[in-house]
1. What about residue 84, is it touching a Phe, Trp or Tyr at 6+ places or on another chain (Cβ under 6 Å) and modelled with pLDDT under 95?
2. Give the residue, chosen from 332, 336, that is without any contact (Cβ under 8 Å) to a residue 40 or more places away in the chain, assigned by TED's automatic domain parsing to the domain that holds residue 66, surrounded by 16 or more Cβ atoms within 10 Å (Cβ to Cβ) and within 23 Å of residue 12 (Cβ to Cβ).
3. Quick check: is even one residue across segment 217-229 not polar (S, T, N, Q) and not in a strand (DSSP E or B)?
4. When you check residue 158 against the structure, is it at positive phi and in contact with a strand residue (DSSP E or B) (Cβ under 6 Å, 6 or more places away or on another chain), yes or no?
5. Could you tell me whether segment 294-302 includes any residue that is among the hydroxyl-bearing types (Ser, Thr, Tyr), surrounded by fewer than 20 Cβ atoms within 10 Å (Cβ to Cβ) and touching a strand residue (DSSP E or B) at 6+ places or on another chain (Cβ under 7 Å)?
6. Across segment 29-63, what is the total count of residues that are without any contact (Cβ under 8 Å) to a residue 60 or more places away in the chain and hydrophobic (A, V, I, L, M, F, W, C)?
7. For the list (1) surrounded by fewer than 20 Cβ atoms within 10 Å (Cβ to Cβ); (2) at pLDDT 95 or above; (3) among the acidic types (Asp, Glu); (4) over 20 Å from residue 330 (Cβ atoms), I need the number of the one condition that residue 19 fails.
8. Given the conditions (1) more than 18 Å from residue 211 (Cβ to Cβ); (2) of a type in the set (Ser, Thr, Tyr); (3) surrounded by 14 or more Cβ atoms within 10 Å (Cβ to Cβ), and given that residue 278 satisfies all but one, which numbered condition is not satisfied?
Amino acid sequence: MDVVAIVGTGPAGLAAAKELASRPDLFQVLLIDRNKKPGRKLLATGNGKCNLSNLDIRPEKYHGDIDAVFDWVNQFKAEPYFQDLGLCLRAKGNLLYPYSEQAQSVLDCFWNDLKEKGVIYMPERTIVDFQVNKGRYVLIDDKNQHIYADHLVLAGGGKASRQLGSDGSLLELVKNKGVLVSKLYPSLVQLKTKPAYKQLKGTRVHGTFFLYRDQQLVTGCKGEVLFTEDGVSGIAALELSSYLSHEPGVKQEIELNLADELEVSQLRSYFQKWQHQTHCLDGLLAKKIASILEDPPITSAKTLISRVCHWRLEVIGTRGFDFAQVTSGGILLQELDAYLMLKRFPGVYACGEILNVDGDCGGYNLHFAWASGQRVGRRILQTCEMADEESVS
């Protein structure tokens, strides 16, 4: 019986374990995690609601090495996959959620299945190295304890949300072993802006928001922005953060259109009717927003349209990895074969956020994690089933 050690109990690790646990006669599956309890990052996704996939998977929703893997990412179908686990789903537009809208339901369905099939959980074990010994892998943890395995799956995430257990240490480990890893950046993260409006902290606005780089439009999205003490957050701001350039000397701005559902003619008419009021935006925008955009006073329809529809804030940075939902960057796909096995280390696989693929808001990152974990698990299963058949014959 082969031993498979899976480092990380996030979505990718759970998906890999699900495939392997289907053959307890072939495998002993070890799930290793630095946390006391499994699935901490999964439980935090979508503010605990867990937007686990999207019904409209497109390559332009991903960044990094997606072209090399998109075909099988797109072939993964979340609905039958989770129904097989006993998880009821609900769709909100293209966004797919557990019917309970609780991430705990997703984790429970996985965990019930894995425990029933004999998967062993090894908590509070931080892997700091792995070595080859007589054709097997020896994993060494931070207490210098050794774990022996025939196959190794690296599913410990990237560098985002360190407080949930992913600090980038696995990426440093493989990098030190000669595996090429791209530069890492925080993504789906709050933006720091200049100016920042502390008085707007906690204020939410709806509209259409754009990212400009050196005055050139990069992308835009409709949604919600939440003002913070040093910039902006909210789903729209997080999505724009995926498209930031990290090159020095680049000027980047976000543009807020807070009247995206009104025609220019309507705004002109509005100004004509209410221009004599001291606070002419009170009937259009929230009081705190209006007071900022009315300083200095609005004296023409053109000025009103400019401030309400083209309000620009310079992006001067992000809140960093501790506040990021996902890591941009990771193990380059050129380091892996078609089944996500490291070319330098036969029998060692990588899946999920540790790879150089990240997605926009909307379930794309979780979809990739499930799909990549499933692919790794199926490959190990297929390899061992073939070896078992050959030994019998």
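The values are calculated or read from the model by the stated rules, or taken from the named source; none is laboratory data. If you're wondering where the values come from, they're calculated on a predicted model, not measured in any experiment. Ideal geometry is used to build each Cβ from the backbone, glycine not excepted, and the neighbour counts take in all protein chains shown.
1. no
2. Exactly one of 332, 336 is without any contact (Cβ under 8 Å) to a residue 40 or more places away in the chain, assigned by TED's automatic domain parsing to the domain that holds residue 66, surrounded by 16 or more Cβ atoms within 10 Å (Cβ to Cβ) and within 23 Å of residue 12 (Cβ to Cβ), namely 336.
3. yes
4. Judged against the criteria, residue 158 is not a match.
5. no
6. So the count comes out to 1.
7. In the conditions (1) surrounded by fewer than 20 Cβ atoms within 10 Å (Cβ to Cβ); (2) at pLDDT 95 or above; (3) among the acidic types (Asp, Glu); (4) over 20 Å from residue 330 (Cβ atoms), residue 19 misses (1) alone.
8. Answer for residue 278: the failing condition is (3).
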